[in-house]
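Q: Here's a structure for you.
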Amino acid sequence: MEDFELNNEGLPTIPEIAWEFIFDSIEAPIMILDDKHRIVRINESMKQAFNIPDDPILEKCYKIVHGTENPPDFCPHSQTLKNNQQCTEEVELSDIDAWLLVTTSPIQNNDGEPIGSTHIAQDITKLKQTQEKNQQSLELKDLLIKETHHRVKNNLVTLSSLLYLQAEHVEDQKAKDILLDSKNRARAMAIIHQKLYSNKNLETINLSYYLNQLMDEVLKSYSITDKIKYILDLDNIILDSSTALIVGLVVNELVSNSLKYAFPDDALGVISVSFHENDGEYILKISDNGKTIPQDVDINNIDSFGLTIVNLLVNQIEGQISVERVAGTTFTIKFKEKREN
């Protein structure tokens, strides 16, 4: 420490030339500007990063760096002078195909007013390139998923049409019903994939839109006349696609069941579907005012393929199903909202 002079407090003072050496040897690009955007001090790293000439002192930084007559809108130095606070901005240097993260900190006078700022830059070009590649990969992935949904939808629609055509050529009514039921199940799944293909979000479905379209398709398939009406009471709820598909298949089975058995001899009737959410629990109700399911029928132990499917589907979402036999039949399915672990 013998080479350094001591100040009044007995601490060594560093000569100006030493400060210059330290300033230039710092690896991070650094620049000091005054309140008129003039370069007061600049280190070698900053010159190299911005391709700045050897002697830019008192030159306007925006002319030297950006080649403009005025500061750019994103200028962090302007923000620091205005707010007297540190500011950080990502700066693109298109002429050298580079990105820098620039942080400006205010230099204040004795009254605390900003009279300039220090600029510290960090090269984030590789980070931005990686982000761009990742974004392109995500966009490609989304495109491929959409194309998959589109193809699955087309295949299911084709399958549904083939089952319908087969049913038209079958004379046995029981076999015809089986084919038509299978056709409706394929159609219910096709609608889900159609919605996912057209959605920006590839993982969720607006259940209200889905069930509206599904009900139209189900009633069409049974050539329902004006004697049977349907009522939908649906909250605007977004579900993940797998849960929405299960709900759709349950609605398809139970509405189909009502259409086949609740209104014999072209009886008048109403089918209602409601879906609501209450404190994290979803409540789905499918009801009709037609012929009631007999009291001795146990819906959990019944020789019906359709109701067997319903019970399996409800178990998949860890739900509970119950039936009420008053002025028709009402099925109630309750299940909890999925939580991410």
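Computed from the coordinates by the stated procedures, all read-outs in this text should not be read as laboratory data. The shown structure was predicted, so the numbers you read here are calculated from the model rather than taken from an experiment. FYI the Cβ positions are ideal-geometry reconstructions off the backbone, even for glycines, and counts take in every protein chain you see.
Q: Can you put Tyr282, Tyr261 in order of Cβ neighbours within 10 angstrom, beginning with the fewest?
A: Going from sparsest to densest Cβ surroundings: Tyr261, Tyr282.
Q: If the limit is 19 Å between Cα atoms, which of Lys229/Lys336; Lys229/Lys291; Lys36/Lys82; Lys260/Lys291; Lys174/Lys227 go over it? All intermediate terms of the calculation are to be shown ahead of the outcome.
A: On the way: Lys229/Lys336 30 Å; Lys229/Lys291 15 Å; Lys36/Lys82 12 Å; Lys260/Lys291 11 Å; Lys174/Lys227 24 Å.
In this structure, Lys229/Lys336; Lys174/Lys227 lie more than 19 Å apart at Cα.
Q: Just report the Cα centroid separation between region 227-257 and region 66-102, whole Å.
A: 54 Å
Q: Here is a further query. Over all distinct alpha-carbon pairs, what is the Kirkwood Rh of region 46-109 in angstrom? Walk me through the intermediate numbers first.
A: Working: mean 1/r = 0.0788 Å⁻¹.
With all distinct Cα pairs of region 46-109 included, I get 12.7 Å.
Q: Give the order of Thr130, Thr243 when sorted by the count of other beta carbons within 10 angstrom, beginning with the fewest. Intermediate results must be reported in sequence, preceding the final value.
A: Numbers: Thr130 11, Thr243 19.
Sorted ascending by nearby Cβ count, the order is Thr130, Thr243.
Q: Using θ = phi - 60° and the Karplus form 6.51 cos²θ - 1.76 cosθ + 1.60, what ³J(HN,Hα) does each residue of region 318-329 get, whole Hz, x for Gly and Pro?
A: 6, x, 10, 10, 9, 10, 10, 10, 10, 6, x, 10
Q: Tally the DSSP beta bridges in region 219-341 and give the antiparallel ones as a percent, rounded to 5.
A: Working: 21 of 28 bridges.
That works out to approximately 75 percent antiparallel.
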